[in-house]
Amino acid sequence: MGRFDSVVLGGTAVLPGHGAVRADVGVKDGRIVAIGEGFSAGDADEVVDASGRLVLPGAVDPHFHLGIYRNITEDTKSETASSLVGGVTSIISYFRTGSHYLEKSGPYAEIYPEVLQATGGHSYVDYGYHLAPMVRDQVGEISRLVSEDGVCSFKYYMFYKGLDLSGASSDARGYTMSENYDLGHLFEIMEQVVEAQGERTDGSRVSLSIHCEQPELIRIFTERVKQEGVLTGLEAYSASRPTLTEHLAVAEVGVLAGHTRCPVNLLHLSSEEALGAAVELKRQHPELDARLETTLHHLALTYESYNDQRGKVNPPIRAQSDVEALWRGVKNGEIDWVCSDHACCSEEHKEGELWSALPGFGGTALVYPFMLTEGMRRGLSLERVVDLVATNPAKAYGLAPSKGALTIGADADIAVVDLDATYPVTTERLLSAQDHTPFEGMELAGWPVRTILRGKTVFADGETVGPASGAYLKRPLAADRPLTIS
Ligand SMILES: [Zn+2]
């Protein structure tokens, strides 16, 4: 018996404040208990040889949609397996009542236990939820969801206000199942989030995530694009929801958050104009806790290079100039984290008319490979990549210090990554139930060869290892909480 349960030997570890250094990692009872040099195989019962490899904290993918278009239990099984491919060991998934997901409305006091029941025991990664209060009664549940259920982040969708969302027949009321889903509703959510934040005695963060697109402009521009009939595919889709709609939505959030002092996360900024508006919001409200997110696909795809309807997503895939602007924001620190916004959406849901095709697609399996390959090509340090995909989202959403960094006492969530071997993205490699990928053919290095969750290898050599052992993340996570070790 060694002093560790397992030891990760001979790798280059990325450590907070130190960057990439030669270091061994000792693990006991699911946590990191030692980081240093010269540990030996005799120190542990299990040895992970990481020589020539990077040793990174498991990534935190904070924007996910478990069960949006498929049975939530089946979706949890397949899509969290896909997370392991990308070195992701924690996800936080968005859930709301209304159309899709469980196709119902009601109090979260009843519905959230159902969600947890349907997911429990089926996830390969640790998981938590952000909840969207869609009806007024749910706004009154915010305080209790924070204090009792460990949900400390919520969501509002700016573009659901009054919009015909899914074709000619259904209006926003049918979609959200809400009486009044508008800025008044948003204002009341913000007030309740601020109140819940004030009730915290541990200083932990309660926040509101916002999908920033302005629906009244989307209505007009969609009409025009359809009438003109010139543009096609993702270029048409982008023109129907132009970057002005993000700009205006961010500005509206600025006024309301500036007034209420509600901590906000501006989700999936897709364009130069959206990023500019978000930076301006922060300049105007320096006292405000506002954090900025973008996605892998908004950093990777353009309608110029991939004008394929299967890439339909909200907000849309934009132009190359937007991709360049977002990378500048990633490099200069304006953008706090990069996520997948993973939503498993099969080809059959993408067929037919552009306007009725379902939005969203998967990407969680590419978190480390894409950010290591493209990020480093564009001059990001390894430490910055780790901040963007692990440390910063963990801090924003109540998971630090247990998640998001290789530190003593943290959960032993580790991705052992091969930076030298390059493979093309294929649907099969991603282990997702999605039958296509807009990232198909992209040549990426930085694939994890092993992913470790709380000290146990759960993914190796392209396949999951053992049963789904992900645990619910009751946030904020207590650093000394008992760990489930299977
Ligand atoms: Zn999303």
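Side notes on the structure shown:
- Ranked packing of 35-43, 138-146, 387-395, most packed first, by mean Cβ within 10 Å: 387-395, 138-146, 35-43
- Anisotropy class of segment 104-156 from Cα gyration tensor, a/c 1.5 cut: prolate
- Cα gyration tensor category, rounded, prolate or oblate, for the chain with a/c compared to 1.5: prolate
- Applying 1/(1 + (r/R0)^6) with r as the Cβ-Cβ distance of residue 308 and residue 104 and R0 = 51 angstrom yields a FRET efficiency of 0.95.
- For peptides 8-20, 286-298, 74-86, sequence by mean Cβ density within 10 Å, most packed first: 74-86, 286-298, 8-20
- Only beta bridges with both residues in the chain are counted; by DSSP, about 50 percent of them are antiparallel.
- The phi-based Karplus calculation (6.51 cos²θ - 1.76 cosθ + 1.60; θ = phi - 60°) puts the 3J(HN,Hα) values of segment 200-209 at 5, 9, 9, x, 6, 8, 10, 9, 10, 8 Hz, whole numbers, x for Gly and Pro.
- Report summary: the helix-based calculation at 222 nm, which adds -39500 (n - 2.57) for every DSSP H run with n ≥ 4 and divides by the residues of the chain, gives -9000 deg cm²/dmol.
- Lysine pairs meeting the criterion (Cα under 17 Å, 8 or more apart or interchain), as found in the chain: 8
- Entry comment: accessible area of the chain is 36 Å² per residue, from protein heavy atoms only and a probe of 1.4 Å.
- Quotient of C-alpha Rg and 2.2 N^0.38 Å, computed over segment 312-442: 1.16
- Prolate/oblate/rounded call for segment 249-386, Cα gyration tensor, a/c under 1.5 rounded: oblate
- In this structure, the amide hydrogen of residue 209, modeled 1.01 Å from its nitrogen in the peptide plane, lies closer than 5 angstrom to those of 154, 155, 156, 265, counting only residues at least 5 positions away or on a different chain.
- Separation of the residue 288 and residue 71 label points, Cα + 7 Å toward Cβ, nm: 4.4 nm
- Computed from the C-beta positions of residue 377 and residue 460, the FRET efficiency with R₀ = 30 Å rounds to 0.65.
- Carbon and sulfur %, accessible surface of the chain computed with the full protein complex present, 1.4 Å: 49 percent
The values are calculated or read from the model by the stated rules, or taken from the named source; none is laboratory data. Every value quoted in this text rests on a predicted model; they were computed, and no experiment measured them. Reconstructed Cβ throughout: ideal geometry from the backbone, glycine too, with neighbour counts over all protein chains shown. Side chains are part of the model used for accessible areas, which takes the heavy atoms of the whole protein and leaves out ligands, DNA and RNA. Shrake-Rupley method; radii C 1.70, N 1.55, O 1.52, S 1.80 Å.
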